[in-house]
Amino acid sequence: MKLKNFITFEGGECSGKTTVINEIVKMLEKMNYKFITTREPGGIRIAEDIRNIILDVKNTEMTPECEALLYAAARMQHLKEKVIPKVNEGYLVLCDRFLDSSIAYQGVARGLGVDNVLKINSFALDYLPDLTIFIDVKPEVALKRLTLRDKSDRLDLETIDFHNNVYNGYQEVLKLYPDRIKVINGNQPLEDVVNDCKKAILEYIGE
């Protein structure tokens, strides 16, 4: 089931999601639009605590199975505590990452299998986004950007092979959910990426 007014943003590391969301926020604020932004894992206290565990560089012994289950737990708490109530109150909810990230990262890049990740996240399948914006940027392009920032979490420390597998994982996601995913060319200048994402949002809200 698609959750009306629930929009998610997807992409690999350094795909430009944060910049895009920040610019969309500025646009919606100028329009006096009723919206909130949030993120996964996180957005609420419990999910943020789980996020800290997942991304802590000290937790190198974390198994892929543990990682996937922690993401799923944070996801459901976030959905029930924040996303669904805000949608029901009439807000447009913009979320940085959702289920598609788990499919790409844990299902494919970690090798758990797409079906297994979907089973772990079976509760979340009742609340899929109505629109997902996927910023499609080649890993070699994104990782050049990564060298310009501090490697602050476990995912930043992964190899190029891992990030290539994440990219391949997103291609599997596109096959699973082609009707709700809008693909944006992330290899173009960031200003053009932002403008294309703004257009997608404006089309969605009918402006």
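Worth pointing out:
- In Hz, Karplus ³J(HN,Hα) per residue of the stretch 4-20 (6.51, -1.76, 1.60; θ = phi - 60°; x = Gly, Pro): 4, 6, 10, 10, 10, 10, 10, x, x, 4, 6, 7, x, 4, 4, 4, 4
- Its Cα gyration tensor gives the stretch 1-115 an equivalent ellipsoid; the semi-axes, largest first and in whole Å, are 26, 15, 14.
- J(HN,Hα) series, the stretch 68-74, from Karplus relation 6.51 cos²θ - 1.76 cosθ + 1.60, nearest Hz, glycine and proline x: 5, 5, 5, 4, 5, 5, 4
- Extension gain from Gln171 to Glu61, taking 0.36 nm per residue of separation minus the Cα-Cα distance: 36.8 nm
- Net dipole in debye of the stretch 2-205 [+1 Lys, Arg Cβ; -1 Asp, Glu Cβ; about Cα centre; nearest 20]: 520
- Residues within the reach of a label modelled at Ile84 (point 7 angstrom out along Cα to beta-carbon, backbone nitrogen below 12 Å), restricted to the stretch 168-189: there are none.
- Computed log₁₀ I(q)/I(0) - Debye formula, equal Cα scatterers, no solvent, the stretch 2-205, q 0.09, 0.14, 0.16 Å⁻¹: -0.31, -0.81, -1.09
- The stretch 23-29 - phi-based ³J(HN,Hα) in whole Hz, Karplus 6.51/-1.76/1.60, Gly and Pro as x: 6, 5, 4, 4, 5, 5, 5
- Of the peptides 134-143, 98-107, 80-89, 59-68, the ranking by mean beta-carbon count within 10 Å, highest at the top, reads 98-107, 134-143, 80-89, 59-68.
- In this structure the amide hydrogen of Lys182, modeled in the peptide plane, comes within under 5 Å of the amide hydrogens of Thr132, Ile133, Phe134, none closer than 5 places in sequence on its chain.
- For the pair Thr19 and Asn32, the difference between a 0.36 nm per residue extended length and the Cα-Cα distance amounts to 2.7 nm.
Taken together, the values in this text are just the output of simple stated rules run on the coordinates, not laboratory data. Remember, predicted model here, so these are calculated numbers, not experimental data. Cβ: placed from backbone, ideal geometry, glycine included. Neighbour counts: every protein chain shown.
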